[in-house]
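Written below as structure tokens is the structure these notes are about.
Read the figures in this text as sums done on the coordinates, not as results from a lab. Source: prediction; values computed, not measured. Positions of Cβ are backbone-derived with ideal geometry, glycine not excepted, and every protein chain shown enters the neighbour counts.
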Amino acid sequence: VPPTHPTPLTTPVFQILLSLIDQDLHGYALIQDIRDRTAGEVSLTASTLYAAVARLLESGWIEELDERPRPDEDDARRRYYRLTRPGREAARAEARRLERLTAMARDKKLLPALHPTKGAR
Amino acid sequence: MIVPRLYAALLHLLPRRFRNRFGREMTDVFAELHREAGTRALAREVPPLLALAARERLAGCRAALRARRMRPYSAAVAAASPAPAAPRVQHPSRDPRMLDPLRQDVRYALRSLLRAPGFAVVAVLTLALGIGANTAIFSVVHGVLLQPLGLPGETQLVAIGEGRTDGPLTTLNATSPGSFGDIASQTTSLAGVAAFTGVGLTVTGRGEPETLQGVSFAGELFAVLGTRPMLGRVPVAEEQVEGANPVIVLSYPTWRRMFGNDRTVIGKTITGNGTARTIVGVMPEGFRFPSGSAEFWTPQRWSPAFRVNRDQYYLTLVGRLAPGTSIERARADLVTVSGRLARDYATYNTNLRLNAVPLRDMVVSNVRTRLYILMGAVAFVLLITCANLGNLLLARGVMRRREIAVRQALGANRTRLARQLMTESLVLSLVGGAVGLLVGKLFMAMLLAQQTLVLPRRDEIGLHPAVLLFAFGVSIVAGLAFGVIPALQLSGGRSSDALREGSRGSGGQQWARTALVVSELALSLMLLAGAGLLLRSFAMLTRVDPGFRSERLLTFGITLRRQTPTTLTEMSDRLAALPGVRTVAAVSQLPATGRGGGAWFNILERPTPPNQTPPGEIYRVITPPYFETIGLPLLRGRLLTRDDRLDGMHAVVVNAALAKKYWPDGDPIGKEIYLGAPDNRLFDHGTIVGIVGDTKDGGLDADALPIVYGTNGLMPWWSSYSFVIRTSGDPTQLAAAVRREMRAIDPALAIQNLQSMDAVLRDQVAPARWSMTLLGVFAGIAVTMAALGVFGVLSFLVTQRTKELGIRLALGAEPGRLRRMVLAQGLGLAALGIAIGVGGALALTRLMASLLFGVTPSDPATFVAVSLLLITIAAVASYIPARRATQVDPLTALRSD
């Protein structure tokens, strides 16, 4: 998979990548994190989650963790997932694509222009 | 708990590889989601799960196809061939990869189904429903009716009993020790005979006292049944005589439960009904006699005098036919014995006839009709499924006319194409069958969830190899049945027509579709009629007045210990002192729960002539104030009091049915009677002092039985009682207090079946409720499918006539009239289907007469109601296509095609 991919990512895939950027999570925690971050707008089911996880594992964008990040509060059966480098690249590429799209919307004054200080990131 | 398990079951839709990798995680995650959102979580889960399953399976198929294309041979060919020339058109028979036409057909079928996933999913789900229902019912039928009892040579086992010569041949009543001895010694056609009866055994000294249900037997029971114990030995003849050391054989589950896996249990004792009994054996797992609920077997210890007793009728006999002997020979033998008995012991055996039936028939006789009817019902569901699929395939055939025509034009012959279509149907039905097994498992869980249902050998029900084979067979038959329709269709029509006509169907097709829908409607009506009749029966049954006031009654059973420190009267008084209790009494058998104990009924002033036996009637031992407690009305005379004892006036009370039977015109009050044989009476004599109302003891659907009531003062030897407690509030609220009080009275007494009387009555109607619910569910499925069929056909007709309808609209036809036209077409189909269905139902519902109560098999109200229901459903199903007919945009319509 090339680091910059032309096709848009599905919502579950993109959201899972986002959640894993700064932490390793197990399945249910992923659902919770996505739900919290999107204020309930994106609420995955077990099937949508694992449909995406299966594809992400297959593309090598995420990997399953051997060690357990939080052994103290852990259920031994849970499997944790971690973002890989290609995964991070793919998420970044998708974010850039979205940025380009919103930029177009701004050009057309569909959205207000960005404040320079805020857009610096 | 059921929802997560349901989800786990649904995961089986996923390919194994996916499931193995993610199944457990998905179940865990779902469990969390279920904790958050409840059942809604499942509803949210299903659509994405189906999509995931479809995608993963598709990917699997594609990968397989790709792998196949990359097989060494083709790879070699590909490498050897020069740069891609013109695409090679291969004639099928010359393609070296496709030497096997069946494989080719299957592959083609898979591919063409994958191209139309919507169709495939609908078809597979429809089939799964039909096959699943069949599998579930068949697994019950198989477990209960067909699967052997698990005893060696069980076809040679017979049950033997006696009936009156003027009664039906099928009646097998219990017999006496004397007759048992004569049958055992005087028949040559039987290799062995043993006698048994059910008993309860209250085990104490091992924590909480508990009552085990088991068998007390006489004779070489285990030898007759042909089984050996897993541990220890079976009781020997010396242990069957009076004064012998009491011994007991435990069932495998009971041994496991009470002793863990302790193999040194042999020789230990348990205290049952106050007597220490030595455990001599443990039977192997899976040994069930006479049913799975038997927890122990213990020999009866008869005195020489009792061995020839001829008036205690409590033994059921089981015999093994001698090798090479038929049951008819045994019956003839028994007739000879009956004659000898009648001659030698005229007092006891006149008018009696011995008979034998296969043991298996006796075990399952009660549920056989119910199960056969359900089996018939699911067969109907399957027929409807097939009709529906036939219709789907016809519609699909229309879409594929061009494809088929092209293949025909390119030289495929009709046989080849027909076989191709059949293969597609078979592939569909096999996939449907596989999913159907899953559906069947769910159905089965539903079926067996009804704990109150007494289903003999329920623990033997499951997805056995035979059931799997059945599901497979049904799938094949279904595939052939609905596949033959589109295949036949090929034989008509020229291919050039199809190429020209576009994707519109021809007249012949329309006829086939209509016929299929009409038959679906007819079959649905038959199922609806059956379900309706059962529903009405059930309603009548629950409305039957049991003869007493069952509300606010708490009941439980006890078996008195010989050395119990407290008398029944004292127990009643202490229970009556509990707050919330109005009155308390005890009875030998709860009303509406079966015949129970019976004895010969003698009226002193009408002595039985010699050479005749007196009639038998049932009796109840009660403690006053029993009648007042259960609310049984006094019709004449007086009720029994605590003063009616052996040392007081010998008073008895009879019910109205008994009074009517023996004194149809006269007055029974003041007449003297006794129960039992002249020389062995239950009590010397009793005077009838009152007549009370009837209770439905022979079943809510049967006539009231004649009953004699006497007090425990009159029959003090009776030991097993059910208490009835009239409460002022909800009876179940008092259960804990009652249990506490009984423990305080005698901690060694086991309390059995503590429940409200209403719950007891509910158990009585459980089988009726079970058949009604199931048939209702099946009828519901059938009607849904029929409605879909009507909808499909009318939609199809409307689509076909789009051009015509458009022209009509353009020419100024009123939309309302067009709508009515389509509706009328739908209702016409429904009317035809209902007419045929009513005819079929009238013929078939007669078979279920024995399950009905209070309605005739041709009950007009039911038939009218279900016909109206079906018409309404057909009208609704027709409405959508009818509306669409008038929403045709004339311009689009004219342009279409």
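Pull up the DSSP beta bridges for chain B and report the antiparallel fraction as a percent, rounded to 5.
Counting only bridges with both partners in chain B, antiparallel ones make up about 80 percent.
Pull up all non-local amide H partners of B:VAL708: gap of 5 or more, or a different chain, and H-to-H distance under 5 Å with H placed in the peptide plane.
Here B:ILE618, B:TYR619, B:ARG620 satisfy the definition.
Mind checking the log10 I(q)/I(0) for the range B:217-339 at q = 0.22, 0.23 Å⁻¹? Debye, one equal scatterer per Cα, no solvent, two decimals.
Rounded to two decimals, the profile gives -1.34, -1.41.
Just tell me, in residue order, which DSSP H segments of chain B are both 20 angstrom or longer along the helix axis (alpha-carbon based) and at least 0.5 in mean Kyte-Doolittle hydropathy.
Membrane-span-like by this rule: B:117-141, B:368-399, B:414-449, B:465-490, B:507-543, B:766-800, B:815-844, B:860-886.
Arrange the following residues from fewest to most other Cβ atoms within 10 Å of their Cβ: A:SER19, B:SER524, B:SER291.
So the ranking, lowest neighbour count to highest, is B:SER291, A:SER19, B:SER524.
Out of every Cα pair in the range B:166-251, what percent are spaced more than 19 Å from each other?
54
Could you calculate the contour length gain from B:ARG256 to B:THR856, that is, 0.36 nm times the residue separation minus the distance between their Cα atoms, to one decimal place in nm?
Stretched out fully, the B:ARG256 to B:THR856 stretch lengthens by 211.0 nm.
Under 16 Å from a point placed 7 Å out from the Cα of B:THR542 along the Cα-to-Cβ direction: which residues of the range B:753-795 have their backbone N that close?
B:758-777
Once the Cα gyration tensor of the range B:306-392 is found, what semi-axes does its equivalent ellipsoid get, as square roots of 5 times the eigenvalues, in whole Å, sorted largest first?
47, 15, 11
Compute the Kirkwood hydrodynamic radius of the range B:517-671, taking the inverse of the mean of 1/r over all pairs of distinct Cα atoms, and give it in Å to one decimal.
Final number for the Kirkwood radius of the range B:517-671 is 19.8 Å.
Given +1 on the Cβ of Lys and Arg, -1 on the Cβ of Asp and Glu, and no further charges, what dipole in debye does the protein assembly as shown carry about its Cα centre, rounded to the nearest 20?
5320
What FRET efficiency comes out for B:VAL876 versus A:ARG35 if R0 is 41 angstrom and r is the Cβ-Cβ distance? Round to the nearest 0.05.
E between B:VAL876 and A:ARG35, to the nearest 0.05, is 0.55.
Tell me the label-point distance for the pair B:LEU468, B:ARG55, using the 7 Å Cα-to-Cβ offset, in nm and rounded to one decimal.
Output for this residue pair reads 3.2 nm.
In what sequence do A:LYS108, B:LYS441 fall when counting other Cβ within 10 Å, fewest first?
A:LYS108, B:LYS441
Please work out the FRET efficiency for the pair B:ALA237 and B:VAL122, using the Cβ-Cβ distance as r and a Förster radius of 56 Å; give the result to the nearest 0.05.
Approximately 0.25, to the nearest 0.05.
Could you go through the range B:314-324 in sequence order and give the Karplus-derived ³J(HN,Hα) for each residue, using 6.51 cos²θ - 1.76 cosθ + 1.60 with θ = phi - 60°, rounded to whole Hz, and x for Gly and Pro?
8, 9, 9, 10, 10, x, 10, 5, 4, x, x
Where both residues lie in the protein assembly as shown, what percent of DSSP beta bridges are antiparallel, nearest 5?
Percent antiparallel among DSSP bridges in the protein assembly as shown is about 80.
I need the shape label for the range B:644-763. Rule: rounded when a/c is under 1.5, else prolate if a/b > b/c, else oblate, with a, b, c from the alpha carbon gyration tensor.
oblate
Taking each residue of B:20-32 in turn, how many C-beta atoms of other protein chains fall within 10 Å of its C-beta, and what is the average?
Other-chain Cβ atoms within 10 Å of each residue's Cβ, averaged: 6.
At 7 Å along Cα-to-Cβ for each site, give me the label-to-label distance between B:ARG419 and B:ASN245 in nm.
For the pair B:ARG419/B:ASN245, the computed spacing is 7.6 nm.
Assuming 0.890 mPa s and 25 °C, estimate D for chain B with Stokes-Einstein, Rh taken as the Kirkwood radius over Cα pairs, in µm²/s.
Translational diffusion coefficient: 74 µm²/s.
What distance in nm lies between label points placed 7 Å from Cα along the C-beta direction at B:ASP166 and B:GLN213?
3.5
Taking every eigenvalue of the Cα gyration tensor of the range B:590-640, multiplying by 5 and rooting it, what semi-axes result, largest first, whole Å?
Calculated on Cα positions only, the semi-axes equal 28, 15, 8 Å.
Let me see the P(r) profile for the protein assembly as shown: every Cα-Cα distance counted, bins of 20 Å, each bin given as a percent of all pairs.
10, 29, 32, 20, 8, 1, 0
When a footprinting reagent is the concern and you count Cβ atoms within 10 Å, what order do B:LEU521, A:LEU20 take, fewest first?
Going from least to most buried by this count: A:LEU20, B:LEU521.
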